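Reviewing the structure listed below.
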Amino acid sequence: MYARWESGNKIDVARHLMGKMLDSLNSLNQENLQLALRVYGHQKPVPPQDCNDTRLEIPFGPNNYASIKRKLNGISPKGTTPIARSLERAAYDFGDCSNCRNIIILITDGVEACDEDPCAASRILQQKGIALKPFVIGIGLDKNFQKTFECVGNYFDASDEETFENVLGIVISQALDNTTAQVNLLDGNGLPTETNVALSFYDAVSGKIMEQMVHTLNNKGVPDTIYLDPLMTYNLTVHSIPERSKKNIRISSGQHNVIGLDLARGSLGLQNQSRGGTELVALIYEKGAKEPLHVQEFNTSVEYLQGKYDLEILSLPRIHLKDVEIEAGKSTTISVAPPGVVNLQSSSPGFGSILTLNAQGGWSWVCDLNAQKSRQSFNLQPGTYRVISRSKSSQQSLYSVAEEFTVNSGTTTIVKLN
């Protein structure tokens with residue numbers, strides 16, 4: 001830092017320009033802004049090399065601009081350049097705060113000198129959510145060394161004094177300001193009309209949740225303006241059915257950002273005119289999937305992304321519908337006939353099952369009888385059925401009883417098992 005750099009030594013120029021920056025920050029009267037100063041390579045001369053030569057000289061606190069300026073004026077470059085270790089120690093400089101933006105500005109005229117990995121140190125800080133991606137300002141660095149800092153943080157090359165002053169201004173501006181953005185959820189025509197769905201923004205590095213909101217169109221029908229941190233790379237999840245995501249979203253500082261995502265949706269309405277009885281629901285699957293996306297109640301309408309779905313209606317017997325198509329901007333309606341009621345009457349409890357006549361002319365299991373009851377009631381879909389039963393007191397199969405019956409929608413059928 002004692003090397004010549006235009007109007008003076010690098011350290012003197014840096015002190016002067018950083019002092020101007022601190023004065024500017026002080027004049028802003030930012031209530032929630034706190035600064036700290038960590039310095040390395042200033043306590044012990046080289047040789048011998050001391051890679052622990054890094055120290056928090058001024059801890060975080062309000063209105064400590066003058067203290068930082070005095071400390072800057074009193075330090076002298078002496079030793080080595082332990083960048084990685086300084087970043088590691090910086091993790092302990094920040095206090096506990098759940099809603100703070102912790103930012104590191106690294107100013108250096110040299111590269112890592114202790115055979116450690118500044119990139120790994122920076123990555124750990126970000127993954128743990130301790131600090132956002134650091135700013136790195138290189139003062140008169142050789143072009144060959146600049147690439148070594150690209151993985152550490154947002155690198156700015158200050159090749160001369162004027163550039164250094166400008167870069168300081170840019171960095172401070174980005175550190176203090178949030179930037180406007182809007183999320184365009186595109187319908188089947190590519191227009192941003194989809195809305196009223198929950199959004200989650202995550203820090204793409206740490207996975208920490210940063211913002212959650214319900215997407216809104218304003219009174220002009222335009223996606224509402226939101227504020228995002230330009231220092232962060234985001235992953236966005238749209239909590240539609242099924243969910244959609246967009247990864248590694250970078251926000252450009254100083255301009256309005258538009259984040260676009262295809263979300264063409266249509267609605268699925270399930271209708272059932274049953275009067276009383278248990279409420280009917282359906283399991284909704286993406287076509288060919290083994291796990292359901294959603295459990296939808298009947299007599300409701302729910303929006304799904306356009307595409308084909310499989311439905312399993314939890315009636316007796318269950319109804320399976322394949323390749324139900326949801327079209328963007330349209331409504332698909334599935335109606336299920338109201339069930340009929342069958343009352344089974346027996347002189348004593350017994351074992352047995354209800355079967356239904358299937359499309360192949362055979363009989364398929366519907367449900368078992370309750371072996372503890374002699375009178376039972378079932379809500380069954382219209383169709384042809386057979387009940388096979390045997391009294392618990394009967395010890396031979398030949399005492400089994402088989403009764404065939406028909407169930408009609410909205411009617412009650414009584415079947416006596418003698």
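Checked against a 24 Å cut-off, the cross-linked pairs Lys246/Lys287; Lys69/Lys143; Lys128/Lys247; Lys10/Lys69 give Cα-Cα distances beyond that limit for Lys69/Lys143.
Put a plus charge on the Cβ of each Lys and Arg, a minus charge on the Cβ of each Asp and Glu, and nothing anywhere else: the dipole of the chain about its Cα centre is then about 1320 debye. Neighbour counts of other Cβ atoms within 10 Å put Glu161, Glu194 in the fewest-to-most order Glu161, Glu194.
Summarising the amide proton neighbourhood of Arg265: residues at separation of 5 or more, or on other chains, whose placed amide H is nearer than 5 Å comprise Gly188, Gln306, Gly329. Could you tell me the calculated FRET efficiency between Leu321 and Thr180, based on Cβ-Cβ distance and R0 = 45 angstrom, to the nearest 0.05? The pair Leu321/Thr180 has a calculated efficiency of 0.50.
Taking a straight Cα-Cα cut-off under 17 Å and skipping sequence neighbours fewer than 8 places away in the same chain, the aspartates and glutamates within cross-link reach of Lys78 are Asp12, Asp50, Asp53, Glu57, Asp109, Glu112. Within region 265-336, all pairs of alpha-carbon atoms sorted by distance into 5 Å bins from zero give the percentages 4, 17, 30, 27, 14, 6, 2. Using just its DSSP H runs of length 4 or more, each adding -39500 (n - 2.57), the chain gives a mean residue ellipticity at 222 nm of -5000 deg cm²/dmol after division by all residues. Rounded to the nearest 5, what is the percent of antiparallel bridges among the DSSP beta bridges in the chain? DSSP beta bridges in the chain are roughly 75 percent antiparallel. The label point for Asn63 and the one for Glu303, both projected 7 Å from the Cα toward the Cβ, are 5.0 nm apart.
Taking the Cα centre of region 251-310 as the origin and placing charges on Cβ (Lys, Arg +1; Asp, Glu -1), which of Val302, Tyr285, Gln271 is farthest toward the positive end of the dipole? The residue sitting most towards the positive pole is Gln271. Under 12 Å of direct C-alpha separation, and excluding same-chain neighbours fewer than eight residues apart, Lys416 reaches these aspartates and glutamates: Glu403, Glu404. Straight-line cross-link partners of Lys290 among the aspartates and glutamates, defined as a Cα under 17 Å from its Cα and at least 8 positions apart when in the same chain: Glu243, Asp310, Glu312, Asp323. Counted by neighbouring Cβ atoms within 10 Å, the residues Thr179, Thr163 run from fewest to most as Thr163, Thr179.
Which of rounded, prolate or oblate describes the chain when judged by the alpha-carbon gyration tensor and an a/c cut-off of 1.5? Judged from the Cα gyration tensor, the chain comes out prolate (a/c at least 1.5, a/b above b/c). Magnitude of the charge dipole for region 1-147, about its Cα centre and with charges confined to Cβ atoms of Lys, Arg (+1) and Asp, Glu (-1), is about 200 debye.
Using a 10 Å Cβ count of at most 14 others and DSSP loop calls, identify the longest part of the chain lacking such chymotrypsin sites (Phe, Trp or Tyr not before Pro). The reported range is 93-418.
Three semi-axes describe the equivalent ellipsoid of region 315-396; taken as square roots of 5 times the Cα gyration tensor eigenvalues and ordered largest first, they are 35, 14, 10 Å. Helix 118-127 and the longest principal axis of the Cα set of the chain meet at an angle near 40°.
Every number in this text was worked out from the coordinates using simple rules, so none of it is lab data. Source: prediction; values computed, not measured. Virtual Cβ from ideal backbone geometry, glycine too; neighbours counted across all protein chains shown.
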